[in-house]
1. So, by mean Cβ neighbours within 10 angstrom, what's the order for 35-41, 340-346 with the highest one leading?
2. Determine the calculated [θ] at 222 nm for the chain from helices alone, applying -39500 (n - 2.57) to every DSSP H run no shorter than 4 residues and normalising by the residue count; nearest 500 deg cm²/dmol.
3. Taking a ≥ b ≥ c as the square roots of the eigenvalues of the Cα gyration tensor of the range 237-321, is the shape rounded (a/c under 1.5), prolate (a/b larger than b/c) or oblate?
4. Rounding to the nearest 10 and keeping the result within 0 to 90°, find how far the Cα-based axis of helix 75-89 lies from the longest principal axis of the chain.
5. Compactness ratio of the range 104-240: Cα Rg over 2.2 N^0.38 Å, N = residue count?
6. Is the C-alpha gyration tensor of the range 279-338 telling us rounded, prolate or oblate? Criteria: a/c under 1.5 is rounded; beyond that, a/b larger than b/c is prolate, otherwise oblate.
7. Please compute the modelled spin-label separation between residue 15 and residue 101, points set 7 Å along Cα→Cβ, answer in nm with one decimal.
8. Nearest 10 degrees is fine. How inclined is helix 329-345 to the longest principal axis of the chain, computing both from alpha carbons?
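What follows is calculated from the coordinates using simple rules that are stated; it is not laboratory data. From a predicted model like this one, the values you see are computed outputs, not experimental measurements. Backbone-built Cβ (ideal geometry, glycine too); neighbour counts: all protein chains shown.
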């Protein structure tokens, strides 16, 4: 009989991130379909709050590894904590959210337990013929459907692929597991965190809107001149007022390597499609992009897709955009920013 373990790390404030709640929903659904028992495992400095928020989830046990050594992400301590929980649960299926912290240690935990691990899992289906997962390869450009008979099987689930569990507070008794860390597992220490200010952050995975800028923003405009400083002001103004997430076409981020004018706040981390990310936002607005297939394929999970382009025959007009505005992106974004500023003033 399968035993499903949903394994999470808590946030600094002791809560669980949205990706953890999505994984919890997938684990519960899988266990229910299999008629199997399932267990929740927690790692962090403070875990009672996270456990109590899952009081009605239906797990038969709550296992925890807690202490100041498990606050920050660190391979030595995280792999030891995960191993202890997996052994105590005797789990055959282990599901974790696909965070940088778990992705770093998942293969190591699987090796210690003689298991197998799969990352970038987007769906888990349990049926009479067995358990099937769907996962992506090559930056989500290739889809594969896999089954494994080997156990334990570790799965890192991508965010945005499952409905999150809705927490309902209660009281949960967590079984604390002792984990003794050798000196070698304590060598890495976190001295501090550096992060951009909130108004400088351009990648916002939970934003309602994805705003994608193409290379047209840095090209010569109708007056025969480039207007990169104005483009920077317009784009950042739009992002600050809408709190949208910023994406980029490959051609735009590649300009820096060609010695051309670039938008200084744009990097390959913003790239969407063509070996870039495949974001999941309810709406997407593309500006000065031509809608080539490698770029548009990065929008596969965007529910509503709109584009602004002066060319009525661009790629977005060929069935890739729900709505195409044939207009100058500079003028459109400038006017939108004015309207948003006027609205916020009231």
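1. Details: 35-41: 21.3, 340-346: 8.9.
By packing density, highest mean first, the sequence is 35-41, 340-346.
2. Values: 8 runs with 90 residues, N = 346.
Helices in the chain give a 222 nm mean residue ellipticity of -8000 deg cm²/dmol.
3. Details: a/c = 1.44, a/b = 1.20, b/c = 1.20.
Verdict is rounded for the range 237-321.
4. 50
5. Normalised Rg, Cα atoms only: 1.62.
6. Working: a/c = 2.22, a/b = 1.31, b/c = 1.70.
In terms of gyration-tensor shape, oblate.
7. 1.5
8. It is inclined by approximately 70 degrees.
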